[in-house]
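Colleague: Below you'll find the structure I mean.
The values are calculated or read from the model by the stated rules, or taken from the named source; none is laboratory data. Computed from a prediction, not measured in an experiment: that's the story for all the values here. Ideal geometry is used to build each Cβ from the backbone, glycine not excepted, and the neighbour counts take in all protein chains shown. Quick note on the areas: whole protein, heavy atoms, side chains included, nothing else; ligands and nucleic acids left out. Shrake-Rupley method; radii C 1.70, N 1.55, O 1.52, S 1.80 Å.
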Amino acid sequence: MIKPFYRMRRLRKNPQIRNMVRETLLSPNDFILPFFVVEGDGIDKPISSMPGHSQLSIDNLVKAAREAYEAGIQSIILFGIPGSKDAIGSDSMDKDGIICRSLRALKEAVPELYLITDVCLCEYTDHGHCGPLQGHDVDNDATLALLQKQVIVQAESGADMVAPSGMMDGMVGAIREALDESGFEDIPIMSYAAKFASGFYGPFRDAAESAPQFGDRNTYQMDPANGNEALREAALDVEEGADIIMVKPAMPYLDIIRRVKEDFAMPTAAYQVSGEFAMIKAAAANDWIDHDRVMMESLLSIKRAGADLILTYFAREAAAILNAK
Ligand code: PBG
């Protein structure tokens, strides 16, 4: 009989020892839950490609956010769908726009809930690009001035943290400067530093009604083929004053999460995006995979890769499982 020299299975023998040697643990504190808010009253319009998620009017957003907070979610990120769109995304810079009113309502109703805003223009422009156009491309520097206006009204309305996602060069520096000049030195910036031009954003663009009306985002979002470039993006954002570095999407880019974590030792976030969520939901709905098991495994893999924070549409369901233990 051949005997192994060492037996790895000794530490897998029963749940107790497996619990003792487990290297990565998930906590509800790791999760940030995204919400989509629309104009109107009493609106709760399910997003078919994102089961369990809806476009909510502010009254229902407040209810859902309170429930999430009571269920152990401490932080949410908001995406706004304005009543009217224009070439520069004016609603996002208006203190009475959809996001600013949402922030004030949430701060009043659930003051302990930590509110993060997505800082971008694509949901607010009629052409669906992430900044004003010059010809058929986004004008980088003109966008920066608009993002500065956007973060100030968001901060004044109660945002606890801002998360620029437009992949404009210099956006973190511009936003830091604007916040500091207006007395918001204490508001952190979570930068979507390495955001890839990804097919996995499909369901989100339906949910946020933000698909580009022509062309694509390849002149500002990153080529999925590039890893070193992601590190240069992260380095610039760290230099410009980012407090948290985000990689997005998450599962197809676990290598990037790991490299960013190792190179910068910064608090690192990963966005498990709409398409990642939708794939798991769809396969589970067909009974091809076990929903809860795959959900938890996917989140664990993202954390194991190096993410401290995970933006995920599974936040509520995963927190419920963790809190039940
Ligand atoms: C841009 C933004 C996008 C997502 C978050 N912020 C979409 C895009 O670049 O088109 C995608 C998130 C997801 O797919 O879940 N404001």
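Colleague: Out of the stretch 268-325, which residues are hydroxyl-bearing (Ser, Thr, Tyr) and either under 23 Å from Ser48 (Cβ atoms) or assigned to a loop (DSSP other than H, G, I, E, B) (or both)?
Modeller: Residues of the stretch 268-325 hydroxyl-bearing (Ser, Thr, Tyr): 268, 271, 274, 298, 301, 312-313.
The answer is Tyr271, Ser274, Ser298, Thr312, Tyr313.
Results for (1) out of contact with any Phe, Trp or Tyr (no Cβ under 9 Å at 6 or more places or on another chain); (2) farther than 25 Å from Val162 by Cβ; (3) modelled with pLDDT of 95 or more; (4) among the aliphatic types (A, V, I, L, M), shown as yes or no for each residue.
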| site | (1), (2), (3), (4) |
| --- | --- |
| Pro212 | yes, no, no, no |
| Glu233 | yes, no, yes, no |
| Ile244 | yes, no, yes, yes |
| Pro252 | no, yes, yes, no |
| Val260 | yes, no, yes, yes |
| Asp263 | yes, no, yes, no |
| Glu276 | no, no, yes, no |
| Ala282 | no, yes, yes, yes |
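Okay, residues lined up against (1) open to solvent by less than 90 Å² (accessible area, probe 1.4 Å); (2) in contact with a Pro (Cβ under 9 Å, 6 or more places away or on another chain); (3) hydrophobic (A, V, I, L, M, F, W, C); (4) assigned to a helix (DSSP H, G or I):
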site: Ile2; (1), (2), (3), (4): no, no, yes, no
site: Arg9; (1), (2), (3), (4): no, no, no, yes
site: Pro51; (1), (2), (3), (4): yes, no, no, no
site: Gln55; (1), (2), (3), (4): yes, yes, no, no
site: Gly72; (1), (2), (3), (4): yes, yes, no, no
site: Phe79; (1), (2), (3), (4): yes, yes, yes, no
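Colleague: Could you list all residues from the stretch 128-151 that are part of a strand (DSSP E or B), touching a Gly at 6+ places or on another chain (Cβ under 9 Å) and away from the ligand (no atom under 14 Å from the Cβ)? Step through it out loud before you land on a result.
Modeller: Kept after step one, since they are part of a strand (DSSP E or B), are these residues of the stretch 128-151: 133-134, 137-138.
After this cut, where a residue has to be touching a Gly at 6+ places or on another chain (Cβ under 9 Å) as well, the list is 137-138.
Listed by number, the list holds a single entry, Asp137.
This table checks each residue for (1) surrounded by fewer than 24 Cβ atoms within 10 Å (Cβ to Cβ); (2) among the aromatic types (Phe, Trp, Tyr); (3) touching a strand residue (DSSP E or B) at 6+ places or on another chain (Cβ under 8 Å).
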{"site": "Ala242", "(1), (2), (3)": "no, no, yes"}
{"site": "Ile245", "(1), (2), (3)": "no, no, yes"}
{"site": "Tyr253", "(1), (2), (3)": "no, yes, yes"}
{"site": "Gln272", "(1), (2), (3)": "no, no, yes"}
{"site": "Ala282", "(1), (2), (3)": "yes, no, no"}
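Colleague: Something else now. Keeping to the stretch 141-170, report how many residues are open to solvent by less than 50 Å² (accessible area, probe 1.4 Å) and touching a residue at least 40 places away in the same chain (Cβ under 8 Å).
Modeller: 17
Conditions (1) out of contact with any Cys (no Cβ under 7 Å at 6 or more places or on another chain); (2) assigned to a strand (DSSP E or B); (3) β-branched (Val, Ile, Thr), marked per residue:
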{"position": "Asp169", "(1), (2), (3)": "yes, no, no"}
{"position": "Val172", "(1), (2), (3)": "yes, no, yes"}
{"position": "Arg176", "(1), (2), (3)": "yes, no, no"}
{"position": "Glu185", "(1), (2), (3)": "yes, no, no"}
{"position": "Met190", "(1), (2), (3)": "yes, yes, no"}
{"position": "Arg205", "(1), (2), (3)": "yes, no, no"}
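Colleague: How many residues are away from the ligand (no atom under 11 Å from the Cβ), free of Cβ contacts under 8 Å to residues at least 60 places away in the same chain and open to solvent by 30 Å² or more (accessible area, probe 1.4 Å) when one looks only at the stretch 189-232?
Modeller: 8
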